[in-house]
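Input: a single structure, listed below in structure tokens.
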Amino acid sequence: MLPSGLAVPDKGLRSDSIGLWSNMAIGLSATAPAYSLAATLGYVVAAVGAKAPAMFAVAFVPMLLVAFAYRELADENPDCGTTFTWGTRAFGPWVGWMGGWGVAVSAIIVLANVAEISAQYLLRVLTLDSLADDTLVTASFGALLIAAMTWVSYRGIVVSERLQNVLMAVQFVVLVGAAVVALAMVWAGDAGPQAVRPRWSWLDPTGLSASQLAAAVILCIFLYWGWDACLAVGEETRDASRTPGLAAVLSTVVLLGTYVLVAFAVQAIAGFGSTGTGLGNAAHHDDVLTVLGRPVGGPILAALLMLLVALSALGSTQSTVLPTARGTLAMAVYKAAPDRFARVHPRFQTPSFGTLVMGASALAFYVVMSVFSRDALGDSISSLGLAVAFYYGVTAFACAWHFRRTALSSFRNLLLRMIFPLLGGIAMVWAFAQSCRDMLAPSYGATSFGPIGGVFVMGVGMLVLGVPLMIACAVHRPGFFRGRVDI
């Protein structure tokens with residue numbers, strides 16, 4: 001029984017298995033910092049020019065506000081169902097279930113994309129460029145990586161923790177080291193004619209249109225997304241009523257510092273020209289990190305950064321399976337999903353069926369997208385921000401509503417349990433609505449369905465797909481949806 005009197009039922013997971021650092025490593029790994037920067041920074045620069053560092057800071061504010069909401073809810077109720085559990089308690093079973101579906105949708109989309117990136121980059125590191133450009137080869141290799149990382153997740157939280165600790169240490173050492181070297185070269189005048197001195201104006205977000213802000217923020221939501229994975233393994237963390245929430249807040253702060261530092265370094269050493277390594281060169285928008293490895297540290301660093309992006313994506317593949325499988329476990333325990341999802345492996349103490357289903361779902365989505373259209377697969381990652389903004393918003397508002405009767409008991413509670421979550425939720429609603437409006441245009445992204453943009457169709461379509469699934473669950477699990485199950 002928790003201090004607040006809310007009971008968290010024993011789900012059979014391995015309790016007291018990981019500490020603060022390992023919990024943070026899982027959350028940070030799910031964000032895939034190296035991959036996220038490589039895949040997003042170029043597009044943020046294309047949207048807002050030199051103000052990319054400012055956008056990282058702007059997007060960080062609602063993320064931090066939402067992280068406080070997660071922390072307050074996790075401190076009272078460290079349940080692996082996270083958004084599903086908290087949303088249900090605050091707003092009822094229908095909203096809670098859709099919040100849980102938003103978590104699952106975002107995981108399925110990102111798993112397919114990070115598997116693709118990891119496969120391509122690993123092949124390029126091995127100088128197998130011709131195979132990396134072969135759709136069948138990369139799809140097969142990516143599918144194999146999804147299966148392998150699902151197996152690691154299936155084997156238990158301790159195995160996952162050890163893998164994530166190694167991957168995280170490597171990522172941050174190389175990213176921060178490369179950024180510091182790049183900035184030193186710029187200040188010393190050794191970075192070449194394309195380099196520009198860093199300016200404080202890069203941190204000024206003014207002078208941008210609403211569409212520019214929305215486009216950049218929705219991209220940055222993808223950059224930060226994933227830190228909440230540390231909340232989903234809360235029941236397996238030591239001091240479960242404190243550590244996961246602290247890990248969530250610390251993870252967002254670490255990400256902010258890393259992203260702003262790397263953005264300053266990349267912009268300074270690359271410049272904004274339209275040729276060569278310049279960030280205005282559209283050929284480099286898909287990956288600005290590995291392109292810049294050679295001028296910073298020669299072919300060795302270029303290869304290392306390419307490997308880093310691959311490992312970052314690979315780590316995210318595994319750490320994304322963890323929270324989503326635990327979300328389905330919670331849904332089954334509370335009678336909102338089939339009982340099979342409540343199965344926990346007797347030896348590994350992992351949600352065995354849920355882990356396998358999540359891996360299989362991501363595998364199926366990846367294969368279908370790869371066969372249907374590589375452009376559609378790329379656009380699906382652009383749509384990810386909609387699902388993330390949706391379930392982050394649900395969680396933030398759930399926090400404010402859940403604590404509405406105690407928020408006025410102290411200034412601390414008013415700030416952290418009411419004002420911050422409400423502001424974070426409002427920011428997510430704005431980002432979702434503005435992005436939906438912009439994504440409707442057929443020119444948004446690489447695909448379209450008649451007069452409607454493909455990014456909008458995939459983003460909204462994947463969320464709407466949850467409605468018939470929810471109705472099917474309601475038919476077979478009427479007790480939960482009629483409020484007859486305690487949660």
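In table form, for the structure just shown:
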{"read-out": "Sequence of W202, W21 once ranked by neighbouring C-beta atoms within 10 Å, starting from the fewest", "value": "W21, W202"}
{"read-out": "Net lengthening on full extension, W94/A364 (0.36 nm per residue, minus Cα-Cα)", "value": "94.5 nm"}
{"read-out": "Relative contact order of the stretch 251-401, defined on C-alpha pairs under 8 angstrom at six or more residues apart (%)", "value": "9"}
{"read-out": "Residue exposure sequence - V467, V309, V254 - by fewest surrounding Cβ within 10 Å", "value": "V467, V254, V309"}
{"read-out": "Nearest-0.05 FRET efficiency for W21 and V253, computed from C-beta distance (R0 22 Å)", "value": "0.90"}
{"read-out": "16 Å reach of a label modelled at V61, 7 Å along Cα-to-Cβ, counting backbone N of the stretch 427-456", "value": "427-432"}
{"read-out": "Degrees, to the nearest 10: 293-333 long Cα axis against longest axis of the chain", "value": "10"}
{"read-out": "Candidates per trypsin sites (Lys or Arg not before Pro) in the stretch 380-423, loop by DSSP, up to 15 other Cβ within 10 Å", "value": "R404, R405"}
{"read-out": "Extended-chain gain in nm, criterion 0.36 nm per residue less alpha-carbon gap, R242 and R294", "value": "14.4 nm"}
{"read-out": "Angle between the chain longest axis and helix 20-31 axis [Cα atoms, degrees, rounded to 10]", "value": "60"}
{"read-out": "Residue order, fewest to most beta carbons within 10 Å, for I221, I426", "value": "I426, I221"}
{"read-out": "Matching label, semi-axes √(5λ) of the Cα gyration tensor in Å computed from the structure shown, candidates [x] 41, 23, 22; [y] 35, 24, 22; [z] 60, 38, 19", "value": "[y]"}
{"read-out": "Cα long-axis angle, helix 93-125 against the chain (0 to 90 degrees, to the nearest 10)", "value": "30"}
{"read-out": "Distance (nanometres) between label positions extended 7 Å along Cα→Cβ at S274 and V166", "value": "4.6"}
{"read-out": "Electrostatic dipole magnitude of the chain [Cβ: Lys, Arg +1; Asp, Glu -1; Cα centre; debye, to 20]", "value": "980"}
{"read-out": "Using a Förster distance of 35 Å, the FRET efficiency for R484-R405 (Cβ separation, nearest 0.05)", "value": "0.90"}
{"read-out": "Mean Cα-pair separation over length for the chain, i.e. relative contact order, pairs under 8 Å, 6 or more apart, %", "value": "30"}
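None of the figures in this text is laboratory data; all of them are computed from the coordinates on show. Just so it is clear, the structure is predicted and the values come from calculations on it, not from any experiment. Cβ: placed from backbone, ideal geometry, glycine included. Neighbour counts: every protein chain shown.
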